[in-house]
1. Please identify the pairs in which a residue from region 112-133 that is more than 21 Å from residue 145 (Cβ to Cβ) has its Cβ atom under 8 Å from the Cβ atom of a residue that is in a loop (DSSP other than H, G, I, E, B) and not polar (S, T, N, Q), counting only partners at least 6 apart or on another chain.
2. Which residues, taken from region 16-37, are within 16 Å of the chain's Cα centre (by Cα) and among the basic types (Lys, Arg)?
3. Cβ contacts < 9 Å: first residue touching a residue at least 24 places away in the same chain (Cβ under 8 Å), restricted to region 240-262; second residue among the hydroxyl-bearing types (Ser, Thr, Tyr) and surrounded by 13 or more Cβ atoms within 10 Å (Cβ to Cβ), any location; separation 6+ or different chain. Result?
4. Determine whether residue 69 is out of contact with any Gly (no Cβ under 9 Å at 6 or more places or on another chain), modelled with pLDDT under 95 and under 27 Å from residue 224 (Cβ atoms).
5. Among the residues of region 1-58, write down those that are over 30 Å from residue 192 (Cα atoms) and either β-branched (Val, Ile, Thr) or touching a helix residue (DSSP H, G or I) at 6+ places or on another chain (Cβ under 7 Å) (or both).
6. Consider residue 79 against the criteria (1) assigned to a helix (DSSP H, G or I); (2) at pLDDT below 90: it satisfies all of them except one. Which criterion is unmet?
7. Among the residues of region 242-269, count how many are more than 28 Å from residue 42 (Cα to Cα) and out of contact with any Gly (no Cβ under 8 Å at 6 or more places or on another chain).
8. Taking region 118-130, which residues are surrounded by 19 or more Cβ atoms within 10 Å (Cβ to Cβ) and of a type in the set (Gly, Ala, Ser)?
Amino acid sequence: MRIELNDISLSFQPGTPFAVKALDGVSLAVRPGERLGIAGSTGSGKSTLLGVMAGILRPAAGRVLHDGQALSRKTRLRPGRIGLGLQSPENCLFEKTVFDDVAFAPRRMGLEGELLGRRVMWALGCVGLDAAAYASREPFSLSVGEQRRVALAGVIAPEPEVLLLDEPTAYLDPATRRDLLGRLLAMNGERGTTMVVVGHDMDELAVFAERLVIMDDGRVAIDGPADKLLKDEALLERYGLEAPGTVALCRLLSSCAGREVAAVLDEEEAANLLQGIIGRGPGG
């Protein structure tokens, strides 16, 4: 599924003293199967952008197109085609059991019986939760990290063509964050699911994104290949973002080695560079 935004503008509380322009002339296209990362400082318009892409926020100006079809206020979005994971998704849990929460959207799509059960089990597996251990539990008895994964399973369960996720790894421990990112990458590779992830952790975006958009004051400030932009410390600093740890390490290695060490994003590659320079010593 292709999503296009053409010259989108949107304000909250327009016409009042409290009016805030959230998006200002944003044009952007997301290609089928793409992994797009969106970064930017607080208030730059990242979360609002996801809502517009999903069709739940309607802009004051501009057009949103899904596969070339312009959305209007009368457009009825096909259930399950786009999965939207909001900030603090645990606040969206409401059923008595994990199974019923994850099954909510598939049931509305007409799934039942064994087919419904398999879909719920698959979705829980996608977020690293053992269905046998979790399906009958009450969502509100779980830890915040577990609740977040249950909520994400509910977003994944309808098998959407597009996943729009707002900081999906926030408040998870490092091992769980790494595991969840790996599972999202696997889903993208195996099923071709289009993914747009808003994130503030540049190390995670270095692992996930093939393309990076940096938002600033409601506008698209930068749009380009993630493996190039994430290595540009000066550019990231200009928009209040920290470079990935591997890039900062390569800068320090350049100082230690007395020569330029090209920035890398892959952690294993960075570790090999570190080992090589330590082995040779300064200036080696």
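1. From residues that are more than 21 Å from residue 145 (Cβ to Cβ), the pairs are 119/111; 119/157; 119/159.
2. 31, 35
3. Every condition considered, the pairs that remain are 240/41; 240/44; 241/41.
4. On the way: out of contact with any Gly (no Cβ under 9 Å at 6 or more places or on another chain): yes; modelled with pLDDT under 95: yes; under 27 Å from residue 224 (Cβ atoms): no.
No, not satisfied.
5. 10, 16, 20, 22, 42
6. Here residue 79 clears every test but (1).
7. Total meeting the criteria: 10.
8. Across region 118-130, the qualifying residue is only 123.
The values are calculated or read from the model by the stated rules, or taken from the named source; none is laboratory data. All figures in this text were calculated on a predicted structure; none of them were measured in a lab. Neighbour counts run over all protein chains shown; Cβ positions are idealised from the backbone, glycine included.
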